[in-house]
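So the structure is just underneath, and the comments pick up after that.
The values are calculated or read from the model by the stated rules, or taken from the named source; none is laboratory data. As the structure is a computational prediction, the values presented were derived from the model and not from experiment. Quick reminder, even Gly has a Cβ in these numbers, built from the backbone with ideal geometry, and neighbours come from all protein chains shown.
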Amino acid sequence: MPVRSWWGWGRVDRALDDGQLRALGEQVGLLLPLDGAVTPVPDVPPLPPPRIRPPASLASLVTDDDRDRAGHAYGKAYRDVVRALAGRVDHPPDLVARPDTDAAVAALLDWAGDTGTAVVPYGGGSSVVGGVEYRGTGPWLSLDLGRLAGVSEVDPVNHAARVGAGTFGPAVEAGLRPHDLTLRHFPQSFEFSTVGGWVATRAGGHFATGPTHIDDLVQALRVVTPIGVNETLRVPASGAGPAPDRLFLGSEGILGVITAAWLRVRRRPRFTAAAAIRFEHDADGRAAARAIVQSGLQPANCRLLDPLEAAIQAGVTDGGARLLLGFESADVPVDPLLARAVDISRAHGGTGETTGGGTGGAWREAFLRAPYVRDALVRLGVMVETVETACAWDRFDDLRDAVVDAAGPRGSTVVTYRLTHVYPDGPAPYFTILAPAPRGAEVDRWDEVKRAVNDAIAAHGGTVTHHHAVGRDHRRWYDTERPEPFHAALRAAKAALDPRGVLNPGVLIG
Ligand SMILES: Cc1cc2nc3c(=O)[nH]c(=O)nc-3n(C[C@H](O)[C@H](O)[C@H](O)COP(=O)(O)OP(=O)(O)OC[C@H]3O[C@@H](n4cnc5c(N)ncnc54)[C@H](O)[C@@H]3O)c2cc1C
């Protein structure tokens with residue numbers, strides 16, 4: 001059984017080994033001045049004893065094991081990894097619960113309400129916005145949905161599947177494959193994030209220029225709230241008032257615990273075609289991406305990598321940007337669609353070739369490997385984090401320049417960008433920021449950079465998040481982005497559904 005890392009990404013056995021770490025250090029040393037030290041992998045530090053005990057009726061669902069508690073204390077942002085690496089577990093949950101039925105979830109919520117215990121729903125724990133880290137002072141319970149997992153029903157007639165909230169990405173696809181069906185929702189965190197987490201954060205998939213966010217793939221939801229179960233109707237569409245599902249999409253664990261979802265699935269693609277187009281200037285690549293997405297061609301993948309991203313993600317070092325294009329269909333060959341997109345790219349100065357079937361390729365491997373590399377960089381003393389947004393096409397240039405300026409002095413800070421998603425009305429830029437970390441003051445330094453960068457994004461018309469969610473770390477900008485009447489409505493919904501305020505305090509509102 002593979003062991004999950006308690007401090008960093010994914011599986012312990014997939015982390016970079018010493019040789020790979022050294023090689024990475026040499027490469028990165030060409031870009032950034034590093035001090036040569038490598039932070040050792042930490043043991044779980046001793047934790048304070050739990051301040052609460054469950055009643056006997058719930059004891060079998062709950063653990064106070066220190067490794068489990070430490071593993072549930074943080075998400076997987078840079079500020080999480082760097083603290084865990086230093087052996088710091090700021091606010092460990094007092095207990096971790098793994099309910100196996102909806103009734104058990106309800107009983108845990110009741111008990112939490114009676115005892116004033118905060119409850120933080122936990123899927124894969126891949127939050128990068130402080131979504132799973134309670135920062136109050138009272139006792140808290142991490143509610144891990146891992147036992148409410150699996151594809152329990154597949155409805156091939158209506159192209160839908162019922163999936164437990166705690167199901168990880170690969171298990172979703174494994175459950176659908178025998179039926180020749182697929183969800184095709186691929187966040188970069190796919191391997192270690194769950195359906196419930198995706199729905200709760202309105203996750204964005206890749207290879208998803210059309211239905212990017214999980215929203216469009218949700219047919220119906222089952223949510224256990226502190227005042228009862230909210231199960232929505234399975235219909236293809238409805239005009240009956242505000243949509244009940246929408247209340248819980250993006251609710252980030254503050255209104256109820258999502259325990260299952262009916263998801264819209266589709267036939268597996270049989271026809272695929274892909275191309276990587278080189279652009280001497282990334283501005284031309286952006287113009288091509290805009291033209292393609294505004295043409296109505298609907299590529300499954302249309303992603304621009306700036307030259308440095310192309311070097312890091314795809315290993316191409318010719319100084320050009322890359323536009324990655326992919327088309328797929330379960331029904332018809334898509335080569336003509338790709339050919340047209342390539343034509344449009346050429347008209348904007350692009351050169352390059354089709355890369356054969358499959359919208360994946362080497363860069364996709366690198367994409368899934370990236371979080372392990374990120375952890376290795378942190379060990380090497382690099383401050384490395386990503387910031388994402390979405391903006392109108394005509395705001396991009398100013399926004400990107402402002403982000404680069406805000407990220408730190410140019411000589412010692414590297415900022416790369418990719419457009420992870422493109423829409424007819426604008427791109428979703430995704431910035432990676434790399435700089436030498438001030439050892440021992442990493443979190444404070446990152447928080448300063450984050451503040452400056454997100455202020456710059458807000459000042460230039462970008463949203464605080466395209467797909468990473470709000471959590472605790474984005475509150476400051478979310479609070480100014482959302483309209484006040486909406487805030488009042490959200491507060492009222494919270495008070496009605498969670499009257500004792502146990503669910504994920506500090507996230508979204510409050
Ligand atoms: C390396 C890396 C890559 C990433 N790539 C992407 C990406 O491509 N696209 C993207 O959208 N995001 C991405 N993320 C962010 C993260 O993976 C998503 O937010 C994901 O949807 C979280 O799922 P999870 O199961 O890990 O949820 P968690 O991190 O466990 O929880 C996230 C939030 O949802 C709440 N929650 C979780 N489960 C439930 C539930 N069943 N009911 C109610 N509330 C719940 C939690 O309380 C928390 O507030 C990435 C993160 C990392 C570290």
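Of the residues making up segment 238-286, just one is at positive phi and more than 11 Å from the ligand (Cβ to nearest atom), namely G241. A count restricted to segment 56-94 and to residues that are touching a residue at least 40 places away in the same chain (Cβ under 8 Å) and part of a loop (DSSP other than H, G, I, E, B) stands at 15.
Tally time: how many residues in segment 24-40 are in a loop (DSSP other than H, G, I, E, B) and either among the acidic types (D, E) or in contact with a Phe, Trp or Tyr (Cβ under 7 Å, 6 or more places away or on another chain) (or both)?
The first filter runs over segment 24-40 and keeps only residues in a loop (DSSP other than H, G, I, E, B), leaving 30-40.
Retained after the next criterion (residues that are either among the acidic types (D, E) or in contact with a Phe, Trp or Tyr (Cβ under 7 Å, 6 or more places away or on another chain) (or both)): 35.
Going through segment 24-40 one residue at a time, the tally reaches 1.
Given the criteria within 30 Å of T115 (Cα to Cα) and within 16 Å of the ligand (Cβ to nearest atom), does V507 qualify? Judged against the criteria, V507 is a match. Going through segment 38-58 one residue at a time, which ones are surrounded by 11 or more Cβ atoms within 10 Å (Cβ to Cβ), of a type in the set (A, V, I, L, M) and within 24 Å of T101 (Cα to Cα)? I52, L58 - these are the residues of segment 38-58 that are surrounded by 11 or more Cβ atoms within 10 Å (Cβ to Cβ), of a type in the set (A, V, I, L, M) and within 24 Å of T101 (Cα to Cα). Could you tell me which of the residues V129, V195 is within 13 Å of the ligand (Cβ to nearest atom) and either in the same structural domain as A97 (by TED's automatic domain parsing) or closer than 18 Å to A70 by Cα (or both)? From the options V129, V195, the qualifying one is V129. Evaluation of F186 against the conditions (1) over 20 Å from W6 (Cα atoms); (2) in contact with a His (Cβ under 9 Å, 6 or more places away or on another chain); (3) buried (at least 24 other Cβ atoms within 10 Å of the Cβ) shows that the sole unmet condition is (3). Taking the criterion of being modelled with pLDDT of 95 or more and under 25 Å from L176 (Cβ atoms), would at least one residue in segment 291-299 satisfy it? The answer is yes, given that some residue of segment 291-299 is modelled with pLDDT of 95 or more and under 25 Å from L176 (Cβ atoms).
Quick one: in segment 453-500, which of the residues that are small (G, A, S) and touching a helix residue (DSSP H, G or I) at 6+ places or on another chain (Cβ under 6 Å) is nearest to A428 (Cα to Cα)? Write out each step before concluding.
Of the residues in segment 453-500, the ones small (G, A, S) are 456, 458-459, 461-462, 469, 471, 488-489, 492-493, 495-496.
Narrowing the set further to residues that are touching a helix residue (DSSP H, G or I) at 6+ places or on another chain (Cβ under 6 Å) leaves 456, 458, 461-462, 469.
Numbers: A456: 15, A458: 14, G461: 12, G462: 9, A469: 14 Å.
Step by step, filter segment 453-500, then rank; the result is G462.
For segment 10-23, a residue qualifies if it is part of a loop (DSSP other than H, G, I, E, B) and under 17 Å from P40 (Cβ atoms), and the qualifying residues are A15, L16, D17.
May I ask you to verify whether S152 is polar (S, T, N, Q), within 14 Å of the ligand (Cβ to nearest atom) and under 30 Å from H179 (Cα atoms)? Explain how you work it out, then say what you get.
Values: polar (S, T, N, Q): yes; within 14 Å of the ligand (Cβ to nearest atom): no; under 30 Å from H179 (Cα atoms): yes.
Here the answer is no, as S152 does not meet what is asked.
Report, by residue number, each residue of segment 76-88 that is of a type outside the set (K, R) and crowded, with 22+ Cβ neighbours inside 10 Å. Within segment 76-88, A77, Y78, D80, V81, V82, A84 meet the criteria. Here the condition is being over 29 Å from R374 (Cα atoms) and of a type outside the set (A, V, I, L, M, F, W, C); of G113, G130, G124, it holds for G113 alone.
Among the residues of segment 293-301, is any closer than 23 Å to Y423 by Cα, within 16 Å of the ligand (Cβ to nearest atom) and touching a residue at least 60 places away in the same chain (Cβ under 8 Å)?
Start the filter on segment 293-301 by keeping residues that are closer than 23 Å to Y423 by Cα, which leaves 293-301.
Still in the running and within 16 Å of the ligand (Cβ to nearest atom): 300-301.
From what's left, touching a residue at least 60 places away in the same chain (Cβ under 8 Å): 300-301.
Checking segment 293-301: at least one residue is closer than 23 Å to Y423 by Cα, within 16 Å of the ligand (Cβ to nearest atom) and touching a residue at least 60 places away in the same chain (Cβ under 8 Å).
Looking only at strands (runs of 3 or more DSSP E) that lie completely in segment 189-304, which have at least 3 residues being surrounded by 24 or more Cβ atoms within 10 Å (Cβ to Cβ)? Give the steps one after another, and end with the answer.
Details: elements: 218-225, 228-231, 257-264, 271-279.
Per the criteria, 218-225, 257-264, 271-279.
The set of residues in segment 198-212 that are near the ligand (Cβ under 7 Å from one of its atoms) and out of contact with any Phe, Trp or Tyr (no Cβ under 8 Å at 6 or more places or on another chain) comprises W198, T201, A203, G204. Test R51 against the stated conditions and say whether it is of a type outside the set (D, E) and within 27 Å of the chain's Cα centre (by Cα). Against the criterion (of a type outside the set (D, E) and within 27 Å of the chain's Cα centre (by Cα)), R51 does not qualify.
Could we say that S142 is under 15 Å from the mean Cα position of the chain (by Cα), over 30 Å from A330 (Cβ atoms) and within 14 Å of the ligand (Cβ to nearest atom) here?
Numbers: under 15 Å from the mean Cα position of the chain (by Cα): no; over 30 Å from A330 (Cβ atoms): yes; within 14 Å of the ligand (Cβ to nearest atom): yes.
Spelling it out, it is not the case that S142 is under 15 Å from the mean Cα position of the chain (by Cα), over 30 Å from A330 (Cβ atoms) and within 14 Å of the ligand (Cβ to nearest atom).
Every residue, every condition in (1) over 20 Å from H72 (Cα atoms); (2) in contact (Cβ under 8 Å) with a residue 24 or more places away in the chain; (3) within 12 Å of the ligand (Cβ to nearest atom); (4) not small (G, A, S), yes or no:
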site	(1), (2), (3), (4)
H467	yes, yes, yes, yes
E481	yes, no, no, yes
A488	yes, no, no, no
A492	yes, no, no, no
